[in-house]
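What follows is a single structure, written as structure tokens, with notes after it.
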Amino acid sequence: MGLRDMYAYAITTSKGKFDGSAEERDGKLHFKGSVATEEHKNEIWSAIKTIPTWQQDIVADIKVTGGSAAGAAAAETHTVKSGDTLSSIAQAKLGNAGAYMKIFDLNKDQLSDPDKITPGQVLRLP
């Protein structure tokens with residue numbers, strides 16, 4: 001199976017959002033192009049990261065070209081660190097550990113279980 005087949009979900013996710021290409025060369029899949037918003041870029045990255053070996057397989061140069069909408073400019077994020085839980089993030093950022101499901105619901109595109117977050121993930125905050 002080729003890398004384009006392995007990353008079919010990411011390629012499909014990028015359709016209509018990504019102005020560029022995903023080319024397989026030198027044993028890697030190269031994503032090169034642009035998207036209108038940071039949200040689109042994050043959606044593509046989340047789809048890429050569904051494959052455990054993505055760090056060895058992917059070379060990506062995805063630029064955000066669109067202007068920031070008022071909501072996008074105000075969007076706050078948190079990069080998960082070792083030891084973080086959604087509850088601890090909710091307590092620190094929202095002042096209420098019980099609000100962890102709000103973070104989970106906002107990030108269902110990259111989370112399948114509120115107890116499984118990974119260092120390095122960038123989570124959107126309500």
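The values are calculated or read from the model by the stated rules, or taken from the named source; none is laboratory data. Values in this document were obtained by computation on a predicted structure and should not be read as measured data. Quick reminder, even Gly has a Cβ in these numbers, built from the backbone with ideal geometry, and neighbours come from all protein chains shown.
Say we look at the stretch 26-75 and pick out the residues that are exposed (fewer than 12 other Cβ atoms within 10 Å of the Cβ) and part of a helix (DSSP H, G or I); which of these is modelled with the lowest pLDDT?
Residues of the stretch 26-75 that are exposed (fewer than 12 other Cβ atoms within 10 Å of the Cβ), as a first pass: 26-27, 52-53, 55-56, 61, 63, 65, 67, 70-71, 73-74.
Now drop any that are not part of a helix (DSSP H, G or I), which leaves 55-56, 70-71, 73-74.
Working: Q55: 93, Q56: 94, A70: 42, G71: 45, A73: 46, A74: 51.
Across the stretch 26-75, the extreme among qualifying residues is A70.
Only one of these conditions is not met by A90: (1) outside any loop (DSSP other than H, G, I, E, B); (2) without any contact (Cβ under 8 Å) to a residue 60 or more places away in the chain; (3) within 13 Å of the chain's Cα centre (by Cα). Which number is it?
(3)
Take the stretch 93-126 and flag every residue that is in a strand (DSSP E or B) and among the aromatic types (F, W, Y). Steps first, answer last, please.
Step one: list which residues in the stretch 93-126 are in a strand (DSSP E or B), which gives 122-125.
Within the stretch 93-126, no residue meets the criteria.
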